[in-house]
1. Taking the condition of being of a type in the set (D, E, K, R) and open to solvent by less than 40 Å² (accessible area, probe 1.4 Å), how many residues in the range B:184-216 meet it?
2. Just one of (1) open to solvent by 50 Å² or more (accessible area, probe 1.4 Å); (2) away from every other protein chain (no Cβ under 11 Å); (3) touching a strand residue (DSSP E or B) at 6+ places or on another chain (Cβ under 8 Å); (4) under 26 Å from residue B:205 (Cβ atoms) trips up residue A:108, so point out which.
3. What is the one condition in (1) within 14 Å of chain A (Cβ to nearest Cβ); (2) under 32 Å from the mean Cα position of the chain (by Cα); (3) not β-branched (Val, Ile, Thr) that residue B:15 does not satisfy?
4. Which residue out of B:164, B:180 is without any contact (Cβ under 8 Å) to a residue 24 or more places away in the chain, more than 14 Å from chain A (Cβ to nearest Cβ) and either within 20 Å of the chain's Cα centre (by Cα) or open to solvent by 60 Å² or more (accessible area, probe 1.4 Å) (or both)?
5. Return the residues of the range B:282-337 that are modelled with pLDDT under 80 and of a type in the set (Asp, Glu); say none if nothing qualifies.
6. Residue A:63 - would you say it is buried (at least 21 other Cβ atoms within 10 Å of the Cβ), at pLDDT 90 or above and within 11 Å of chain B (Cβ to nearest Cβ)?
7. Looking at the range B:246-265, which of its residues are open to solvent by less than 40 Å² (accessible area, probe 1.4 Å) and more than 20 Å from residue B:99 (Cα to Cα)?
8. Determine whether residue B:315 is within 26 Å of residue B:209 (Cβ to Cβ) and open to solvent by less than 50 Å² (accessible area, probe 1.4 Å).
Amino acid sequence: MNYLWDNFFRKGQSERTLAHFLKDNFLFEDLTSREINLLMNTIHVRKYRPGEYIFRQGEAGVGMYILSEGNVDIVVEEDRQDEKESDAFVTRLKPGDFFGELALVEQKSRRSASAISCGESTLIGFFKPDLNDLTERSPSTGVKIINKLSEVLGRRLRETTSKITELKRQVDFLKPKKT
Amino acid sequence: MDKLAWKRRIIRERRIQMVAFLLTMILIATMLLKVDNLLISFVLAFVISYLFSPIVNLLERKGFHRSFSIFGLFGLTSIILTLLIAALSPVLFGQISEFREVFPRYVRGLTDTINQTEEKLYFLTEFFGDLNITETFEYYMRIFTQSIFEDIPQILSQSLTTAFLAPLLAFFMLKDGSKFAKMLFSMVPNNLFELTLNLQHQINTQMGDFIRARLLEAAFVGVVTWIGLWIIEFPFAPLLAFFAAITNLIPYVGPVVGMVPALVISFINGDGMVGLFITSVPYLIAQIIDVFFIIPIVVAKIVDLHAVTVILSLIIGAQLLGVLGMIIAIPVTSALKVTVTNVYRHILDFRS
């Protein structure tokens with residue numbers, strides 16, 4: 001299931017300045033340097049300790065995070081009836097990856113998985129109020145980001161559909177054939 | 001470091017961050033309450049920045065730099081205000097000098113009315129002893145006049161400080177407000193960060209809408225009252241309308257207080273019951289339109305508070321900060337309501 005979270009937009013950047021880092025991100029690659037400066041005034045840089053939750057599954061989500069340094073584990077906490085199952089590991093994100101972007105477009109978004117910092121990590125938070133503020137101040141910047149966001153969500157949806165189709169095919173194959 | 005040690009460290013760091021954040025907030029609140037003129041300047045700066053922010057955003061959308069837009073807007077406002085003062089000051093000074101001329105007549109009229117009332121109530125002395133209304137009135141008038149003259153230098157210095165400080169603070173709120181908010185957010189522990197950000201955004205939007213709506217409402221009441229008083233040819237119409245507009249910012253009590261000076265003038269002029277009724281008509285029309293159209297359409301949608309909550313918050317606001325407390329009681333209560341609701345929801349989410 002890993003590839004659902006895989007970032008096909010990663011560009012192989014390491015430690016650069018924040019402006020360059022943002023410009024290199026798929027979501028913001030169309031922005032001009034003036035628009036990047038505007039964006040830098042709205043984002044939040046946060047540092048996390050090993051094992052610290054960035055957000056928990058089921059919590060209300062306000063925005064997305066871009067991983068700048070370190071790694072982040074995405075896990076789905078499963079609770080089946082009385083017995084609490086162990087968390088299902090989904091993927092490990094690397095610098096340049098982003099997650100939680102659905103919260104930017106959903107009305108009352110809930111986190112579908114938990115994100116846990118794996119080692120010391122630095123994340124760039126970009127939130128719905130900030131996107132709204134940015135769109136109000138510079139509609140063209142907002143539209144560019146929303147367009148890219150739609151592209152990401154579309155890609156994620158296509159990947160999910162293709163994975164479900166594949167799984168369905170495998171289930172059908174494993175089903176005992178009626179004689 | 002093992003998992004448990006990291007967990008302990010995270011909890012310890014979060015506590016330290018929370019304490020630092022709360023201490024900073026308490027320090028800011030204490031400064032606002034304790035430093036002279038700072039709270040009123042801050043409230044006024046908020047009002048100015050909320051009023052200007054849509055215009056600054058509009059200019060920014062048109063391609064102007066934010067700092068340039070703010071500078072331009074403040075410059076333009078200063079020019080307009082100077083021209084307005086220059087244009088209105090002859091009218092205002094005319095009204096003040098006219099008022100100075102008729103003031104002795106009002107005082108005489110008021111004294112006569114009190115004497116007449118005292119004569120009419122003379123029979124009550126049998127039950128309550130000597131009433132001495134005139135003496136009591138004179139005593140309180142003396143204290144009132146004395147305190148006004150004693151307070152004039154202080155009021156003037158306060159007004160000048162506020163007039164200088166409020167626009168300055170508003171300028172920086174518009175220019176660097178988001179940077180300051182980001183600095184405060186950096187102190188919030190990670191587990192409460194999204195909640196705090198969302199809260200700040202909700203409160204900010206609600207405050208902005210509320211302030212703009214209340215000012216629109218006050219302006220409307222002022223204009224309707226002015227037109228009404230002008231139609232019935234009542235003296236000092238602009239001054240009285242301005243006073244009504246300002247007092248209208250205080251819910252429930254404000255509209256009544258706003259009407260008092262006109263009724264007093266009408267009463268002293270000896271206009272009689274019909275005159276008093278005619279004087280109150282412009283105020284009543286303004287209030288009817290305000291209560292039945294402006295409040296339900298514009299204000300009620302922004303702040304959804306029960307009438308009892310409004311009255312209670314007004315009483316508490318008046319007790320703590322006087323007239324200013326009454327004006328800011330509603331936005332502060334609605335901000336508290338948003339905070340409590342969101343924190344409660346967050347706790348429920350966390351538990352679920």
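1. So in the range B:184-216, the residues of a type in the set (D, E, K, R) come out as B:194, B:209, B:212, B:214.
With open to solvent by less than 40 Å² (accessible area, probe 1.4 Å) added as a condition, the list becomes B:194, B:214.
Within the range B:184-216, residues that are of a type in the set (D, E, K, R) and open to solvent by less than 40 Å² (accessible area, probe 1.4 Å) number 2.
2. Failed condition: (2).
3. (2)
4. B:164
5. B:304 - this is the single residue of the range B:282-337 that is modelled with pLDDT under 80 and of a type in the set (Asp, Glu).
6. Spelling it out, residue A:63 is indeed buried (at least 21 other Cβ atoms within 10 Å of the Cβ), at pLDDT 90 or above and within 11 Å of chain B (Cβ to nearest Cβ).
7. B:247, B:248, B:249, B:250, B:251, B:254, B:255
8. Working: within 26 Å of residue B:209 (Cβ to Cβ): yes; open to solvent by less than 50 Å² (accessible area, probe 1.4 Å): no.
Criteria not met by residue B:315.
The values are calculated or read from the model by the stated rules, or taken from the named source; none is laboratory data. Everything numeric here is computed off the predicted structure, so don't read it as measured data. FYI the Cβ positions are ideal-geometry reconstructions off the backbone, even for glycines, and counts take in every protein chain you see. Heads up: the accessible areas ignore ligands, DNA and RNA and are worked out on the full protein's heavy atoms, side chains in. Shrake-Rupley method; radii C 1.70, N 1.55, O 1.52, S 1.80 Å.
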